[in-house]
Amino acid sequence: MSNGGTDMRAALLDGPGALRIGALPVPDPGPGQVRVRVEACGLNPVDYQVAAAAPADWTFPHVLGLDVVGVVDAAGEDVPDVRPGERVAYHGDLRRRGGFAEFALADAAVLAPVPAGVDPVSAACLPAAGMTAYQALVRRLHVGADDVVLITAAAGGVGGFAVQLARLLGARVLATASERNAEHVRRLGADEVIDYRVEDVAARVRELTGGRGVDAVVDTVGPESATANLRLLAHGGGLAAVAGRPDPTAVAPFTLAPSIHEIALGAAYSSGDERSRADLPVMLAELLGLLEAGRVEPMLNRAVDLADLPAALDELAGRHVRGKLVLAFG
């Protein structure tokens, strides 16, 4: 289906730090692809990180934006199960043009249907942050009732969804957050909130667990934090590293026997592993169902328009945004 030569508005990345609002031709879907008229697209830390780096082997201008929600506008060949007019959500491939545009292309195999009771902006809060938390807690750490879980930076996107999911899984939730975000994190489901700015996190965790430590950690801060938190595991516990691997030598061999899980959601594409890619819409559909049922909240901070997108990414880069920012096309 041809786009008829029309153009679309988009945020265009021309090189490192060179982000502008401009126009591109509306793309046509190829075999196995659909074209989505974008209604909303979530902002994520990877967006400002890529905007600053702009890998030299990419084709420019590039369009950022991984967490797309919209209506299928056209389908290419070999797409039997998706019809124009369906509202879908997906987590996209970082290497391809994304959802900071009025139209985007997606592989039909990664689409999750958006329930009728879920609005596009709320749905766009979920993919990267929610699926990362889900993959960490459910797929890797296998958290269940009676487990004690430590979640760092719990006021952020991944941390906030991790708090909610851990509570739904029946775990006791310990979380780190600043004092100004403590009540928000408690409302999401944390049993205890540790102010990392003024408290000794390790000492407080030991106190709260009677010296035992925790069964699982979701670390969203970085390698140094993950390494420190590795030492807080009880015997046989596991750590999911979202923002960088810990140093495993921080724990002596044959002592705590920890398991370490690196979470790299987007590598489902770059690895070429079809099984991993097929799990993306499964996880997202589960999260959308929880959102529709009111069991998970989207943690929407606010929606922004395309003109305000560069400033919103700069704000996100400051690493003190509570919840999720979402680009919305009105």
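Remarks
- Here Pro84 meets each of (1) crowded, with 17+ Cβ neighbours inside 10 Å; (2) touching a strand residue (DSSP E or B) at 6+ places or on another chain (Cβ under 6 Å); (3) modelled with pLDDT under 95 with one exception, condition (1).
- Residues of the range 117-158 satisfying the condition of being crowded, with 22+ Cβ neighbours inside 10 Å and farther than 18 Å from His91 by Cα: Leu137, Leu141, Val143, Val148, Val149, Leu150, Ile151, Thr152, Ala153, Ala154, Ala155, Gly156
- Being more than 26 Å from Leu126 (Cα to Cα) and either open to solvent by less than 50 Å² (accessible area, probe 1.4 Å) or part of a strand (DSSP E or B) (or both) is a property that does not hold for Gly99.
- Residues of the range 64-76 include none that is of a type in the set (Gly, Ala, Ser), surrounded by fewer than 23 Cβ atoms within 10 Å (Cβ to Cβ) and within 18 Å of the chain's Cα centre (by Cα).
- The single condition among (1) open to solvent by 50 Å² or more (accessible area, probe 1.4 Å); (2) free of Cβ contacts under 8 Å to residues at least 40 places away in the same chain; (3) not in a loop (DSSP other than H, G, I, E, B) that Arg37 does not meet is (2).
- Inter-residue pairs, beta-carbon under 8 Å, first on the phi > 0 side of the Ramachandran plot and in the range 302-330, second open to solvent by 40 Å² or more (accessible area, probe 1.4 Å) and not basic (Lys, Arg), 6+ apart: Arg319/Pro45; Gly323/Leu300; Gly323/Asn301
- Scoring Arg197 on the criteria (1) open to solvent by 20 Å² or more (accessible area, probe 1.4 Å); (2) touching a residue at least 24 places away in the same chain (Cβ under 8 Å) leaves a single failure, condition (2).
- In the condition set (1) in contact (Cβ under 8 Å) with a residue 40 or more places away in the chain; (2) assigned to a loop (DSSP other than H, G, I, E, B), Thr59 is compliant with all but (1).
One line per residue, one yes/no per condition, for (1) among the β-branched types (Val, Ile, Thr); (2) open to solvent by 40 Å² or more (accessible area, probe 1.4 Å); (3) not in a helix (DSSP H, G or I):
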| residue | (1), (2), (3) |
| --- | --- |
| Arg275 | no, yes, no |
| Asp279 | no, no, no |
| Leu291 | no, no, no |
| Arg302 | no, yes, yes |
| Leu309 | no, no, no |
| Gly330 | no, yes, yes |
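- Any hit, the range 214-233, residues being open to solvent by 70 Å² or more (accessible area, probe 1.4 Å) and either touching a residue at least 60 places away in the same chain (Cβ under 8 Å) or within 16 Å of Val158 (Cβ to Cβ) (or both): no
- Residues in the range 185-242 that are among the basic types (Lys, Arg) and not in a helix (DSSP H, G or I): Arg197, Arg212, Arg231.
- If the condition is being over 27 Å from Leu233 (Cβ atoms) and open to solvent by 40 Å² or more (accessible area, probe 1.4 Å), then the range 259-270 contributes only Ser270.
- Pairs with Cβ under 8 Å, 6+ apart, first in the range 99-122 and hydroxyl-bearing (Ser, Thr, Tyr), second in a helix (DSSP H, G or I): Ser122/Leu291
- Residue within the range 147-163 that is at pLDDT 95 or above and at positive phi present: yes
- Residue match in the range 235-253 (condition: free of Cβ contacts under 8 Å to residues at least 24 places away in the same chain, at positive phi, over 18 Å from the mean Cα position of the chain (by Cα) and open to solvent by 30 Å² or more (accessible area, probe 1.4 Å)): yes
The values are calculated or read from the model by the stated rules, or taken from the named source; none is laboratory data. Computed from a predicted structure; not experimentally measured. Backbone-built Cβ (ideal geometry, glycine too); neighbour counts: all protein chains shown. We work out accessible area using only protein heavy atoms, side chains counted, and drop any ligands, DNA or RNA first. Shrake-Rupley method; radii C 1.70, N 1.55, O 1.52, S 1.80 Å.
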